[in-house]
Amino acid sequence: MNILKSSALFVLAAAAEIGGAWLVWQSVREGKPWWWAGLGIAALGAYGFVATFQPDAHFGRVLAAYGGVFVAGSLFWGVVVDGFRPDRWDVAGAVICLLGVAVIMFAPRASA
């Protein structure tokens, strides 16, 4: 159950952070209305709260693992939203990052 909950929270965090950053980017760099940046800032703020719901109580572990989700999620966002086409090195890097996430978050640990 913790793996499913943790994975869902990572996906939600990625959507909030990457989506928020994308909205700010669109407003500042692509000339979209200013309120897009406001929505982006709100989404980035929401991202800050999502991590607090992770089952693991260690901030450093959760944020370190989330870094790998962010890498893969950013590439995925680029494909779906911006028409980006990752090359094999992008894909290999994202897979490596996700393997790192699995090791950091889900490796068996001795009880404290």
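Taking (1) surrounded by 13 or more Cβ atoms within 10 Å (Cβ to Cβ); (2) closer than 22 Å to residue 4 by Cβ; (3) not hydrophobic (A, V, I, L, M, F, W, C) in turn, residue 108 satisfies each apart from (1).
Among residues of segment 76-94 that are loosely packed, with under 10 Cβ neighbours inside 10 Å, those with a beta-carbon under 8 Å from a residue that is in a helix (DSSP H, G or I) at least six positions away or on a different chain give the pairs 85/79. Within segment 52-59, is even one residue among the β-branched types (Val, Ile, Thr) and loosely packed, with under 12 Cβ neighbours inside 10 Å? Yes, that holds for at least one residue.
Check off (1) surrounded by 18 or more Cβ atoms within 10 Å (Cβ to Cβ); (2) more than 19 Å from residue 103 (Cα to Cα); (3) among the aliphatic types (A, V, I, L, M) for residue 65 and give me the number that stays unchecked. Among (1) surrounded by 18 or more Cβ atoms within 10 Å (Cβ to Cβ); (2) more than 19 Å from residue 103 (Cα to Cα); (3) among the aliphatic types (A, V, I, L, M), the lone unmet condition for residue 65 is (2). Being small (Gly, Ala, Ser) and modelled with pLDDT under 95 is the filter here; which residues of segment 8-55 pass it? Answer for segment 8-55, where residues must be small (Gly, Ala, Ser) and modelled with pLDDT under 95: 48, 51.
The values are calculated or read from the model by the stated rules, or taken from the named source; none is laboratory data. None of these values were measured; they are calculated from a predicted model. So basically every Cβ, Gly included, is an ideal-geometry build from the backbone, and we count neighbours across all protein chains shown.
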